[in-house]
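The values are calculated or read from the model by the stated rules, or taken from the named source; none is laboratory data. Just so it is clear, the model here is predicted, and its values are computed rather than measured. Here the Cβ positions follow ideal geometry from the backbone for every residue, glycine too, while neighbour counts run over all protein chains shown.
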Amino acid sequence: MNPTREQDNPFLIVQEQLYDAVTRMGLPESVYETLKHPQRVLSVSIPVHMDDGSVKTFLGYRSQHTDVLGPTKGGIRFHPDVTIDEVKALSMWMTFKCGVVSLPYGGGKGGVVCDPKRLSPGELERLSRGYAKAIAGFIGPDRDIPAPDVYTNAQIMAWMMDEYNNAHGGVNQPGVITGKPLVLGGSLGRDTATAQGCVFTMRETAVQMDISLDKATAVIQGFGNAGSHVARLLAELGVSIVAVSDSRGAIHDSNGLDVDGLLEYKADTGSVLGFGEAEEITQGDLLTLPCDFLVPAALENQITEDNAAAVKARVIAEAANGPTTPKADKILAERGIVVIPDILANAGGVVVSYYEWVQNLSRFYWSAEEVHAKLEAQMVEAFQKTWAIRERHGDVNLRTAAYMVSLERITEALRLRGRI
Ligand code: GLU
């Protein structure tokens with residue numbers, strides 16, 4: 001997202017969140033100094049042959065935040081609003097996300113400034129391969145392992161894996177990238193993992209807050225890989241989905257939307273707009289509807305100082321990365337609204353990416369049941385550790401608590417390597 005205000009720059013936001021947690025934990029200043037910038041940021045230009053015969057150059061980035069706990073890990077975003085600061089911030093959030101769920105990774109993230117909705121399939125393939133070729137010397141199963149993010153998918157991962165392998169003399173190394181199609185070494189359960197992990201954390205929060213899921217309501221912003229699966233999984237638990245949005249607009253039905261019908265409708269028409277009897281509302285109104293759970297599953301900076309006072313949800317589950325600004329966080333905390341932070345709520349995606357990488361390295365593949373059970377155990381454990389810190393300290397929100405869980409491991413690793 002293009003920050004319009006200095007305080008909405010995601011890079012400054014993650015630095016502020018990190019600083020707050022380091023200070024709260026009484027850690028040495030050197031922890032902040034070591035982690036406040038990514039270790040390496042690569043900037044590339046990708047000339048692409050367009051269908052009309054012209055050549056167009058796209059800009060791309062790859063940020064590797066820290067290798068202290070292992071290779072760096074994180075998705076690649078294709079979006080017109082990608083900036084270098086956004087990619088750096090997203091790579092840092094990946095470090096803290098991997099830390100909360102105890103994965104042996106640091107954070108990475110990539111981005112290409114483009115509008116994939118305006119590219120033909122051939123142009124998209126050439127751009128994906130061009131980007132993978134440009135970063136091929138900097139990634140690898142023991143270095144930095146990309147994955148899908150906003151507007152990238154399994155097919156794009158397949159092209160990138162192929163390009164990496166070609167660039168390395170024709171090796172067959174599926175573990176260089178995750179989120180691949182099953183036949184090329186993908187993992188069962190990876191496509192729904194972000195949503196499934198998010199729903200596990202929502203279920204655990206509901207237990208702590210005495211919310212009955214079969215009487216609860218949810219509002220979901222974004223109907224992509226995360227949002228659409230969150231809607232379906234919540235509906236399966238009996239939650240009534242009263243409003244959803246996508247990049248084109250938002251719809252509302254206080255009696256609850258028919259989620260299966262909506263999924264089919266979106267697949268046919270490309271949007272949620274115009275579905276059944278639902279009324280059209282604005283994106284702004286969606287965020288302030290009364291509900292038990294609000295799930296931002298789109299982009300950064302959606303809940304800000306401008307609308308946080310009007311949010312009427314009891315719980316916000318951040319399926320997106322960075323949807324809430326620090327100023328909004330303070331307002332929400334004062335109002336008693338519980339925020340399940342992105343680095344915990346959406347960690348299910350990278351957890352199953354980790355399982356995919358392990359399966360690739362061992363060339364031994366797991367059943368869907370095995371993936372599901374392991375993901376559940378790992379998410380519930382991370383949630384409980386985070387919730388316990390919040391209970392113990394009383395004055396920290398779940399975001400700071402999650403940073404604290406993460407920073408404990410990272411600080412120990414930094415110390416043992418002699419970096420702080
Ligand atoms: N892009 C996802 C995220 O932000 C997944 C990253 C991964 O699987 O490596 O968490």
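Structure summary
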{"quantity": "Selected residue [in contact with a helix residue (DSSP H, G or I) (Cβ under 9 Å, 6 or more places away or on another chain) and buried (at least 22 other Cβ atoms within 10 Å of the Cβ)] from 324, 304", "calculated": "324"}
{"quantity": "Qualifying residue in segment 326-340 (condition: touching a strand residue (DSSP E or B) at 6+ places or on another chain (Cβ under 9 Å) and either within 12 Å of the ligand (Cβ to nearest atom) or of a type in the set (S, T, N, Q) (or both))", "calculated": "no"}
{"quantity": "Yes/no for residue 326 being more than 26 Å from residue 189 (Cβ to Cβ) and of a type outside the set (D, E, K, R)", "calculated": "yes"}
{"quantity": "Selection count where residues are within 25 Å of residue 408 (Cβ to Cβ) and buried (at least 20 other Cβ atoms within 10 Å of the Cβ), scope segment 28-66", "calculated": "7"}
{"quantity": "Subset of segment 348-379 (residues that are away from the ligand (no atom under 16 Å from the Cβ), of a type outside the set (A, V, I, L, M, F, W, C) and touching a residue at least 40 places away in the same chain (Cβ under 8 Å))", "calculated": "365, 367, 372, 376"}
{"quantity": "Matching entry among 336, 349 (being closer than 23 Å to residue 245 by Cβ, at pLDDT 95 or above and not in a strand (DSSP E or B))", "calculated": "349"}
{"quantity": "Which numbered condition residue 242 misses (of (1) touching a helix residue (DSSP H, G or I) at 6+ places or on another chain (Cβ under 7 Å); (2) in contact (Cβ under 8 Å) with a residue 40 or more places away in the chain; (3) of a type in the set (A, V, I, L, M, F, W, C))", "calculated": "(1)"}
{"quantity": "Checklist (1) under 29 Å from residue 13 (Cα atoms); (2) touching a residue at least 40 places away in the same chain (Cβ under 8 Å) applied to residue 80, failing item", "calculated": "(2)"}
{"quantity": "Qualifying residue in segment 200-222 (condition: over 30 Å from residue 264 (Cβ atoms), crowded, with 24+ Cβ neighbours inside 10 Å and within 16 Å of the ligand (Cβ to nearest atom))", "calculated": "no"}
{"quantity": "Yes/no for residue 8 being modelled with pLDDT under 95 and either touching a Phe, Trp or Tyr at 6+ places or on another chain (Cβ under 9 Å) or of a type in the set (D, E, K, R) (or both)", "calculated": "yes"}
{"quantity": "Within segment 309-361, tally of residues that are among the acidic types (Asp, Glu) and at positive phi", "calculated": "0"}
{"quantity": "Criterion violated by residue 77 - all others in (1) more than 16 Å from the ligand (Cβ to nearest atom); (2) in contact with a Ser or Thr (Cβ under 9 Å, 6 or more places away or on another chain); (3) modelled with pLDDT of 95 or more satisfied", "calculated": "(1)"}
{"quantity": "Which numbered condition residue 253 misses (of (1) under 26 Å from the mean Cα position of the chain (by Cα); (2) more than 21 Å from residue 340 (Cα to Cα))", "calculated": "(1)"}
{"quantity": "Residue selected from segment 144-166 under the condition away from the ligand (no atom under 15 Å from the Cβ) and of a type in the set (S, T, N, Q), by the criterion nearest to residue 221 (Cα to Cα)", "calculated": "155"}
{"quantity": "Residue 395 being part of a loop (DSSP other than H, G, I, E, B), of a type in the set (D, E, K, R), farther than 27 Å from residue 77 by Cβ and away from the ligand (no atom under 15 Å from the Cβ)", "calculated": "yes"}
{"quantity": "Matching entry among 90, 42, 27 (being under 23 Å from the mean Cα position of the chain (by Cα) and more than 16 Å from the ligand (Cβ to nearest atom))", "calculated": "42"}
{"quantity": "Tally, over segment 93-118, of residues that are of a type outside the set (Lys, Arg), more than 12 Å from the ligand (Cβ to nearest atom) and either more than 28 Å from residue 404 (Cβ to Cβ) or assigned to a loop (DSSP other than H, G, I, E, B) (or both)", "calculated": "7"}
{"quantity": "Single condition residue 175 does not satisfy, out of (1) within 13 Å of the ligand (Cβ to nearest atom); (2) of a type outside the set (Ser, Thr, Tyr); (3) buried (at least 24 other Cβ atoms within 10 Å of the Cβ)", "calculated": "(3)"}
{"quantity": "Selection from segment 67-87 of residues that are part of a helix (DSSP H, G or I) and crowded, with 24+ Cβ neighbours inside 10 Å", "calculated": "86, 87"}
{"quantity": "Flag for residue 178 being touching a helix residue (DSSP H, G or I) at 6+ places or on another chain (Cβ under 8 Å), of a type in the set (Ser, Thr, Tyr) and assigned to a helix (DSSP H, G or I)", "calculated": "no"}
